[in-house]
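The values are calculated or read from the model by the stated rules, or taken from the named source; none is laboratory data. No experiment lies behind these values; they were computed from the predicted model shown. Neighbour counts run over all protein chains shown; Cβ positions are idealised from the backbone, glycine included. Accessible surface is based on the protein model in full, side chains and every heavy atom, while ligands, DNA and RNA are left aside. Shrake-Rupley method; radii C 1.70, N 1.55, O 1.52, S 1.80 Å.
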Amino acid sequence: MSAAWLIIDFVLVFVAIALLIVRLKLNPALALLLGTIVLGLTTGVPAADVVAGINEGFGSLMAEVGLLISLGVIMGLLMSSYGAVQRIVRGILKIFGTRGSPYAFGLTLSTLTPAIYFDVLLVLVAPIARRVARITGRPVASLAGPVAMGLAAGNALVIPGAAMLAYLGTLSLSPSDVLVPGFLVAVPAVAVSIFLYVGAMERLGWWDAARDEEVVDEQIEVEAEDTRLPSMAVALAPVLVVLVLIIAAIVAPLAGVDNAVVEFVGSPVIALFAGALTALVITTRRSGLAGQADVVNKALETVGTILVVTAVSGSLGQIIAGTGMQDVLANLFEANSALPLLAVWFVAAVMRMAIGGQTVAGITAISIIAPLVDGLGLSPVLVVLAAGAGGIFGGQFSDNAFWMLRSLFGLSTRGTLKTYTLGQSTLSVVALLLVLAADIFV
């Protein structure tokens, strides 16, 4: 099969997947599975190998990240149930003050709460952010954009964000490999992006409240204000347990300590399990046994969709690996060592714009480049971060969070494009520049 036809076939299949999801409203898991089958058969992969590849890709990715994602969602919903997010955000806001409120939201959501499911965080934080905007007299865009950026960075650039955990499985990386680099990219990227974004909205006058805002249900803010919140120590406890255990397992070998117990409790699954148990104990003390049971059951219902879509993305990656696309890309990439990272970002960005999901976009991009990582001398960590940056770009109508943010912040569709779409796209480009700089200078 010619290289030209292979590229055309890939483009057609990916466009078809996007149309099935966006236009025909087909469930992403079904659309991805159909696209995977068509891609395999039309690129010359034997039918028996297509079936084997689908099963192998699905199972191998679930073996890598299935339990991690499940525990992360359980821990996140438990934390949400007792008001941890509200307490964390309000506490950080006191440190930053009203002028720094956009940074308080963006940096908090990108660093302290990545274990909490994206949609849950948005529902909890949006009413608080809108209230802060009203109290401080700032345009609602100055808070809505940073919230969108913080959520995206926490999900796709930082451990234990759900999308980042899925990316790791594609390259068989450990969370400890990306923990520090993820924070080193996410924190400055969010800070710089917020500075540029807020400047455009406030100083350049890009925000028109009359056209960009609609009426919001004030009852949402009253409910959030009346929530009985825990202390900051209690709110942070589950997140700190996870981070302390993982960091201890990273630092111990560097300090010459070879301890089986530290290695065990610092493994990602055990660390996240410990964090989930911590959140479970807190929830039980505040809401009783029945209360925690309801939250865990809801978490297990939520995690099903995430796992299936993620696993089918693994099937797509497995089939891509068998099409020979890696040989075509190798010829394109060999002239410039920076081009593969740009390509990873670009593929993820296009998939995000078309499909809306950060996880699927990033996994698709990583799956294409994965067979070439060793041969091209690429850093797997930078590949993952480039995919994460690309997966942040251009969230719009096909993204359910786009419509959630529109409703929760009381925006028009025009205003949501200025906040959710523009904010995340700005962050995506800034993060890409940091990844490319790291590839050149580090």
| request: Multiply the residue separation of ALA252 and ARG228 by 0.36 nm, subtract the distance between their alpha-carbon atoms, and state the gained length in nm to one decimal. | output: 4.8 nm
| task | For GLU213, list long-range residues whose amide hydrogen, built 1.01 Å from N in the peptide plane, is under 5 Å from its own amide hydrogen. | result | SER412
| note | Residue by residue through segment 41-57, the couplings from Karplus 6.51 cos²θ - 1.76 cosθ + 1.60 with θ = phi - 60°, in Hz, x for Gly and Pro, are 5, 7, 9, x, 6, x, 4, 5, 6, 5, 4, 5, x, 4, 5, 5, x
| task | In Å and from the alpha-carbon atoms only, list the Rg and Dmax of segment 82-175. | result | 13.8, 47
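Suppose R0 equals 56 Å. What FRET efficiency, 1/(1 + (r/R0)^6) with r the Cβ-Cβ distance, do ILE135 and LEU376 give to the nearest 0.05? Walk me through the numbers before you get to the answer.
Values: r = 51 Å, r/R0 = 0.92.
The value I calculate is 0.60.
Would you mind getting the accessible area per residue of segment 348-436, heavy atoms of the protein chains only, 1.4 Å probe, in Å²? Before the final figure, lay out each step's value.
Numbers: 2270 Å² over 89 residues.
Each residue of segment 348-436 exposes 25 Å² on average to a 1.4 Å probe.
Mean shadow of the chain, computed from the convex hull of its alpha carbons, in nm²? Please report the intermediate quantities before stating the final value.
Working: hull surface 87.4 nm².
If I average the Cα hull's projected area over directions, I get 21.9 nm².
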| field | Over segment 29-147: Kirkwood hydrodynamic radius from C-alpha pairwise inverse distances, Å | value | 17.2
| remark: With all protein chains present, the chain has a carbon and sulfur share of its accessible area (1.4 Å probe) in percent of 67
| field | For segment 87-103, Karplus couplings with θ = phi - 60° (6.51, -1.76, 1.60), whole Hz, Gly/Pro x | value | 5, 4, 5, 5, x, 5, 4, 5, 6, 7, x, 5, 5, x, 4, x, 5
| Most to least packed among 425-437, 39-51 [average Cβ atoms within 10 Å] | 425-437, 39-51
| Residue range of the chain that is longest and free of trypsin sites (Lys or Arg not before Pro) which are both DSSP loop and sparsely packed (at most 16 other C-beta within 10 Å) | 229-442
| query | Amide H to amide H under 5 Å from SER267: which residues, 5+ apart in sequence or cross-chain, H placed 1.01 Å off N in plane? | reply | none
| query | Residue by residue, what Karplus-based ³J(HN,Hα) values in Hz, rounded to whole numbers, does segment 316-323 have, using 6.51, -1.76 and 1.60 with θ = phi - 60° and x for Gly and Pro? | reply | 4, x, 5, 5, 4, 4, x, 8
| field | Separation of alpha-carbon centers, segment 369-413 and segment 145-187, rounded to whole Å | value | 11
